[in-house]
Amino acid sequence: MIKKVITLSFLILVIFFSCKETPKKEIENKAKTFTIDSKTTSIKWIAYKTTSKVPVKGEFTEVEIDSLKTGNTAIETLNNLKFKIPVNSLHTNDTIRDGKLKKFFFGTMENTTNILGEIHMQNENSGSVDITMNGITQTLPITYVVDGQMVTIEAVMDLDNWKAQAAITALNTVCAELHTGEDGISKTWSEVKIEVATYLK
């Protein structure tokens with residue numbers, strides 16, 4: 001009788017602990033997934049004027065994600081992601097400058113109401129973005145850092161690769177005085193630094 005009681009107690013304990021452990025195992029085995037949110041994504045840029053290369057900072061306050069998807073890692077989530085940046089969302093804390101950039105810079109370009117892009121993550125810290133602007137698609141190398149759910153991306157654009165010389169000239173003409181340094185030379189650089197930060201959900 002004692003043996004039967006012990007056996008029954010042992011069986012109850014096994015069932016009890018098995019029931020408690022199953023949800024824990026299910027939680028552990030459930031893979032984390034990430035997705036990008038345009039509301040937690042910022043796109044900032046730094047352009048340069050005068051021969052002394054004085055920085056002019058700005059951002060695009062809107063970005064539309066065309067291929068929203070989830071992934072088990074940040075890299076998987078961003079790889080092959082397509083996006084669209086409305087040029088009208090350009091913002092520099094100077095409404096007059098904003099108007100000139102929209103009208104004379106982007107307005108001189110072909111078919112550039114939006115800047116289109118597709119991200120390609122190549123390894124743990126670098127990749128590329130296919131950028132379509134001024135009717136031209138070119139590949140822009142990028143570097144990035146993943147820190148938990150935060151991903152920061154950096155790149156340096158040479159606008160000459162998108163044949164934007166006419167747009168640069170148009171902007172430099174209308175901003176000639178503001179883009180003139182102590183040497184008396186008016187200059188707008190073709191180099192633009194891009195800084196993107198996105199907090200993945």
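The values are calculated or read from the model by the stated rules, or taken from the named source; none is laboratory data. Everything numeric here is computed off the predicted structure, so don't read it as measured data. For neighbour counting, all protein chains shown are included, and Cβ atoms are generated from backbone atoms with ideal geometry for every residue, glycine included.
Values as computed for the structure displayed
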{"quantity": "Gly127 vs. criteria within 20 Å of Thr70 (Cα to Cα) and assigned by TED's automatic domain parsing to the domain that holds Glu195", "calculated": "yes"}
{"quantity": "Residue list for the stretch 95-119, filter: out of contact with any helix residue (DSSP H, G or I) (no Cβ under 9 Å at 6 or more places or on another chain) and at pLDDT 95 or above", "calculated": "Thr95, Ile96, Arg97, Asp98, Gly99, Glu110, Leu116, Gly117, Glu118"}
{"quantity": "Residue list for the stretch 153-179, filter: under 18 Å from Val54 (Cα atoms) and surrounded by fewer than 19 Cβ atoms within 10 Å (Cβ to Cβ)", "calculated": "Val156, Asp158, Thr169, Thr173, Val174, Ala176, Glu177, Leu178"}
{"quantity": "Of the criteria (1) over 20 Å from Tyr48 (Cα atoms); (2) surrounded by 14 or more Cβ atoms within 10 Å (Cβ to Cβ), which one Asn72 fails", "calculated": "(2)"}
{"quantity": "Among the residues listed as Ser186, Ser126, Ser190, the single one being over 20 Å from Val63 (Cβ atoms), of a type outside the set (Val, Ile, Thr) and surrounded by fewer than 14 Cβ atoms within 10 Å (Cβ to Cβ)", "calculated": "Ser126"}
